[in-house]
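Take a look at the structure below.
Derivation of every value follows stated rules applied to the coordinates shown; laboratory data play no part. Model, not experiment: these values are computed from the prediction. Cβ placement follows ideal geometry from the backbone for every residue including glycine, while neighbour counts extend to all protein chains displayed.
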Amino acid sequence: MRATFAGVGEAFDETLPNTSILVETDTASLLLDCGFTAPGALRRAAGDAVLDLDMIYISHYHGDHYFGLPALLVRFIEEGRKRPLKILGKTGIRGRVNRLMDMAYPNAPSRAEFETYFIECGPGEEIRHAGVNFEFALGDHPMPCLAVRLTADGKSLYYSGDGRPTDATRSLAAGCGLVIHEAFVLDGETPGHGSVDSALAFAAEAGAHACALVHLNRTVRRNQKDAVLARLAETHDLHAFLPEPGDTFTI
Ligand SMILES: [Zn+2]
């Protein structure tokens, strides 16, 4: 299982694309979140591998996590894509995406030569598509966000989406090889978001081998990056890192 970090930024960072991660397994290719600045970054990071995408998972309905879908889908239409596409998300995913397409490019879907299937996901559910097992739990975020655990090829990956850890997400992440967690601030408490400290503690408690921190607040990343890297270097028995766009990690 391989993760490619197309984007690693928060919502409004002018230098980093929104957090969006391509996960490739032996049987499937899927994208975790697709915010407004993600599609171009995904092309830059993954090239033609984007054309093999089977599934897109949307963790929650903030624009920096799904407003990139029209650009991604319309380019697929222009490229004559034939491969079916599954879009997974919380209750209402079909209506949300259809409304978004209707506002952005209302005539494009009629030209699509591929089928799009919508799959609703909920906390505590377990589903399986294309050889990938999906499990979900709610994190603590103002817009309810479904963290996801992916299992394939005997490996597991956890992605928080946005939000502070909860008891449910701690259980979900237990035993995952890679934890990808949002960390909005360095330490302390921020309503609805995690911190570097809480994400590292979360990954250590999960027994993860590696922890990638994403979605760092743009001001923190600009002014406190050295302090963040110093904190990562202090971890033991856990490879903690701050990925850049285009970085890959194999689990
Ligand atoms: Zn959010």
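Fewest neighbouring Cβ atoms within 10 Å first, the residues 140, 167 line up as 167, 140. For the peptides 63-72, 85-94, the ranking by packing is 63-72, 85-94, with the highest mean count of neighbouring Cβ atoms within 10 Å listed first. Does the range 115-178 come out rounded, prolate or oblate by the C-alpha gyration tensor, with a ≥ b ≥ c the root eigenvalues, rounded set by a/c under 1.5 and, if not, prolate when a/b is larger than b/c and oblate if not? Oblate, because a/c is 1.5 or more while a/b does not exceed b/c.
Using the Cβ-Cβ distance between residue 113 and residue 237 with R0 set to 41 Å, the FRET efficiency works out to roughly 0.25.
Close amide-amide hydrogen proximity is noted between residue 37 and 18, each under 5 Å apart and 5 or more residues distant or on a separate chain (H modeled in the peptide plane; Pro and chain starts excluded). Entry note, the chain: relative contact order of 19 percent, from Cα contacts under 8 Å with a spacing of 6+ residues.
Over the chain, dividing the summed -39,500 (n - 2.57) contributions of all DSSP H runs of at least 4 residues by the number of residues returns a 222 nm mean residue ellipticity of -7500 deg cm²/dmol. In this structure, residue 103 and residue 128 have a Cβ-Cβ separation that, at R0 = 41 Å, corresponds to a calculated FRET efficiency of about 0.80. Note on the range 1-102: Rg/Rh from Cα positions, Kirkwood definition for Rh, rounded to two decimals, is 0.93. Geometric descriptor of the range 2-250, per residue, is 110 Å³ (volume of the convex hull of the Cα atoms). Karplus-derived 3J(HN,Hα) values for the range 177-185, using 6.51 cos²θ - 1.76 cosθ + 1.60 with θ = phi - 60°, are x, 10, 10, 9, 10, 6, 9, 7, 10 Hz; glycine and proline are entered as x.
Here the Karplus curve 6.51 cos²θ - 1.76 cosθ + 1.60, taken at θ = phi - 60°, turns the phi angles of the range 206-212 into couplings of 6, x, 5, 7, 9, 9, 9 Hz, with x standing for Gly and Pro. Segment residue 91..residue 222, full-extension length gain: 43.6 nm, with 0.36 nm per residue of separation and the alpha-carbon distance subtracted. Put a dot 7 Å past the Cα of residue 44, heading toward its Cβ, do the same for residue 244, and the two dots end up 1.1 nm apart. Highest-first packing order for the peptide set 110-120, 96-106 is 96-106, 110-120, based on the mean count of other beta carbon atoms within 10 Å. With both residues required to sit in the range 1-155, DSSP beta bridges show an antiparallel share near 60%. Note on residue 166 and residue 79: with the Förster distance fixed at 45 Å, the Cβ-Cβ geometry gives a FRET efficiency of about 0.70.
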